[in-house]
Every structure is written in C-alpha cells, then in structure tokens.
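Below is one structure, written out as structure tokens; comments come after it.
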Amino acid sequence: MWNVIHQRGLLTQEPNEVRIIRLVRDRGAISRTEIARATNLHKATVTDLVSKLIRSGFLEDTGEVVTRNRVGRKRILLRFLPLAGVVAGVDIRMTHVTVALFDLNASVVLQESFDYARDDSAQTVLTRVGGTIVSLLKAANLPQAKLVGIGIGVQGIVDCSTNTLVLSYNKKSWQGESLGAVLEQQFKVPVYVENDVKTMAIGEYLFGAAKGVSDFVHIWVGEGLGAGIMINGQLLHGVTSSAGEIGFNVVDLPSLYKERFPLTYRDQEMIGDILNDANLSESYRRHAPHRPDQDVSVSSVAQRARLGDPVAQQVIEEFTTLLGMLCITMVNTVNPELIVIGGKLAQDFPAIAEMLQLRIHRDVLTPPAEAVRVRPASYGEFGGAHGAAGLVLYEFFEPIQSVSVRSARRQHASKASGVDAA
C-alpha cells in the first residue's frame, strides 16, 4: 500500500510520515508541538514532514488555534483527511458479491452488490468486480489514482502468497486460479485475497468487536461454518492455510447427536452441515406446526424466538449448545481472551453471545474458561467487505514493523501489477 502511495507521488516513506499520520488520525486534532513531543522527533523535522503531508492531501490545518496560557505561542491544530486514499473491499459469496469503497479510516464511501450464477467463471465475476469498482469511483467523484489497494474475501482455502484459491467446497471450478491477477493488471495496485472468515476476523480486530484484543477467535455461521484465529495480533493460517476450517469436523457418535439435537440433526456427516443458516431455517420449518410450506429465514426464526415461539427457541438452543461445544474446544486449544460470534443469527439474535458465555463458564470451571468473553460481531453480514478492506488497511492501523499478516504476499507480489505490493 505504501509503495503505491509513494509511486503516485503522494508520500515518501515509512516510518516517520506514517507515524505522524497515525498520530493525527488517532488524536483527532493535534498541534505540531504535540506531534514532536509524542514522536520524539525534532520540531524542524515535524514541520517539514507536516508540510509534505499537507501538500499530499493527508493532513490539513483546521484553522483552530490553541494556547496553553496567555503569553504562550499560538499552536495551529492539524487533522487527518481520510479521503487521501481509498481501498476496495470485496466480499464474494456463493452467488452474491458486495463491493465497497472505504476511506483510510475504514468508513464506507459507497457500496454496491450484484448476483451471479453459481457456474460463472472466476474471470467473469472478477471482471464485474473491476467494473463495479470503476463505477463506484466515478459515483464518488474520486480519481482512480486515489485507489491504493483491493482486498477480496472468498470461500475456501487461499494461498495468500499467490492469491490462488487452493480448495473450495462451493467453487471447485475456481480452484487453482489466482483471483488477484485480473484486478492487479486493471488497476495497478496490490490485491490481497483471503478466506472470507479470516477477512472477517481481520475486520473485527482492526475496527470492530475485537479491537485491541490480540488473542481471539471469530466463529462465523452463515452459508457454512468457519473460524478466524488471531494469535498475538497475527492471523493464524497453518501449514496449508486451512486453520479455522472447523466446519469440516466430522460428527462423532450420531446417536448422541440425535438425542441432544433432535430438531437440527438429520444424519449430517460434518458439524458445518448442522451449523449453517439453511439448516437453521429448515429445522424450524420442519418442526413448526402449520408451517411446512412457509418461507422461513434466520431473521424470522430469531424474531419468533424473541416472541416466545417454543420451536424457534429450541432450534436456537440446539445451535447454542453445539456452538458452545466448539467454543470450549477453542478455549482449551488456543486460550483466547475473546470469542466473536458472527453471521446472521448473531446479528439478529445477539443474546446468543451471552448464552454462549454462560454455557462456557458453566460447563468448564477453569481459569481460561472463566476469563474468556463472548461478543457478537460488529459488522454482521457486512463483515466480509469490511474485513477485506482491512487486508489492505492492516498496515495503516498497525505499526509496519509488526505487520506479517501479508508478508508472503508482499514477497511474491504479482508482476502483472507493476507495483510492489508492500
């Protein structure tokens, strides 16, 4: 990202300029003297760098003047201009894509969605993504030169060093393709591709429910089931980038599942076949009286549960029990400070987070279990796009020396882009 900004003549180098940008952004308004004190830079150096950042559009004088006392020198406050650059966050679902432009504060500028056929090729979908980014830039009256990076979240296992979709249960025809090359060639900016649930974890870590928490697990229930695991502020990939693929855990002891989950278990082979939106809706439809042909959604089940519908409440209770089992496994395995629950159910029935926390504390009387907190995700269904933008903005919110979430990608950036992906 920084090299894109540098090559477009907006900024020179990390770290001092970026340290100042982060400081002004985080403080809201700050004087040059306060910057020098906070960064331990010489006042003359700060003056030069601030002037450069004003010329490049990252900072501006607010016009506000402050003094510490009546005889003190007046100090002009500075503020950060988040539209100095924009990033595109792309969330590719099974048959639906959301494309959003974000400013450098991770605030949404504009967004647009489109549907596609399940048998559409990756090339077809990514070409439409490129066209959508162009139309969003035009609608926002932003030149293409403002775009500094693109993040993409997609279902499946991704080799981040090459942006290749290695394995995908829902997109087998896309396997083996680099999902960044088309857009890198079109926009000449780095493209970062990641598993969709891992991108959501990045978004929650940088901007959402897990902000400031370096060890947490994000569990997502939607079209499928997955987890994004952050350890010491770094996303866990594993040897084959498949860390967090908890939906493929095999169901053991089917007789036990039939007894404990009578509404939601119908001889499924994997946990992810039980814990997903479609099964939640179908489980309610099958067992609710006089509703065999009625269209049922996660939102409607959640609403009925809140209104006291016993079938809806039992379906959610079974989901909570199974999710609780997964959470306890995570507590015992990675010892997180926080578990974030994402997806439509957590969005429409946020009480599930408290139910899970009570269940964990009740079932596992150990210090790790007692310490863990459970929260619903901040961004709900929009978490994928937000997290995808976070793939680019990670280095803008975290000191560059600590950034390794994309180190492999930076070392093997696509030559087609003509831009170093740092």
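The values are calculated or read from the model by the stated rules, or taken from the named source; none is laboratory data. Note that the structure is a prediction, hence the values are computed from the model and not measured. Reconstructed Cβ throughout: ideal geometry from the backbone, glycine too, with neighbour counts over all protein chains shown.
Things to note:
Here's the yes/no breakdown for (1) at pLDDT below 90; (2) under 21 Å from the mean Cα position of the chain (by Cα); (3) assigned to a loop (DSSP other than H, G, I, E, B):
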site	(1), (2), (3)
Ile316	no, no, no
Thr329	no, no, no
Thr333	no, no, no
Met355	no, no, no
Ala369	yes, no, no
Ala388	no, yes, no
Val392	no, yes, no
Phe396	yes, yes, no
Val405	yes, yes, yes
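- Matching residues in the range 361-381 - criterion: being in contact (Cβ under 8 Å) with a residue 60 or more places away in the chain and touching an Asp or Glu at 6+ places or on another chain (Cβ under 8 Å): Ala377, Ser378, Tyr379
- All positions within the range 81-93 that are farther than 18 Å from Thr132 by Cβ and surrounded by fewer than 24 Cβ atoms within 10 Å (Cβ to Cβ): Leu81, Pro82, Leu83, Ala84
- Counting only strands (runs of 3 or more DSSP E) that sit completely within the range 182-266, those holding 1 or more residues that are in the same structural domain as Thr95 (by TED's automatic domain parsing) and surrounded by 17 or more Cβ atoms within 10 Å (Cβ to Cβ) correspond to 191-195.
- Members of the range 170-181 that are touching a residue at least 12 places away in the same chain (Cβ under 8 Å) and part of a helix (DSSP H, G or I): Ser173, Trp174, Ala181
- Scanning the range 33-77 for residues that are modelled with pLDDT of 85 or more, of a type in the set (Ser, Thr, Tyr) and more than 13 Å from Leu23 (Cα to Cα) yields Thr45, Thr47, Ser51, Ser56, Thr62.
- Taking first residues from the range 232-255 that are on the phi > 0 side of the Ramachandran plot and partners that are assigned to a loop (DSSP other than H, G, I, E, B), the Cβ contacts under 6 Å between residues at least 6 apart in sequence or on separate chains come to Asn232/Ser214; Gly233/Ser214.
- Subset of the range 371-386 [in a helix (DSSP H, G or I), out of contact with any helix residue (DSSP H, G or I) (no Cβ under 6 Å at 6 or more places or on another chain) and surrounded by fewer than 24 Cβ atoms within 10 Å (Cβ to Cβ)]: Ala371, Glu381, Phe382
- Criterion applied to Ser168, Ser161 was being surrounded by fewer than 24 Cβ atoms within 10 Å (Cβ to Cβ) and closer than 18 Å to Glu395 by Cβ, and the one residue passing it is Ser161.
Residues are listed down the side, and each one gets a yes or a no for (1) assigned to a helix (DSSP H, G or I); (2) surrounded by 18 or more Cβ atoms within 10 Å (Cβ to Cβ); (3) in the same structural domain as Ala278 (by TED's automatic domain parsing); (4) of a type in the set (Lys, Arg):
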{"position": "Arg79", "(1), (2), (3), (4)": "no, no, no, yes"}
{"position": "Phe102", "(1), (2), (3), (4)": "no, yes, no, no"}
{"position": "Ala145", "(1), (2), (3), (4)": "yes, no, no, no"}
{"position": "Ile150", "(1), (2), (3), (4)": "no, yes, no, no"}
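- Scoring Val134 on the criteria (1) among the β-branched types (Val, Ile, Thr); (2) in a helix (DSSP H, G or I); (3) not assigned by TED's automatic domain parsing to the domain that holds Asn195 leaves a single failure, condition (3).
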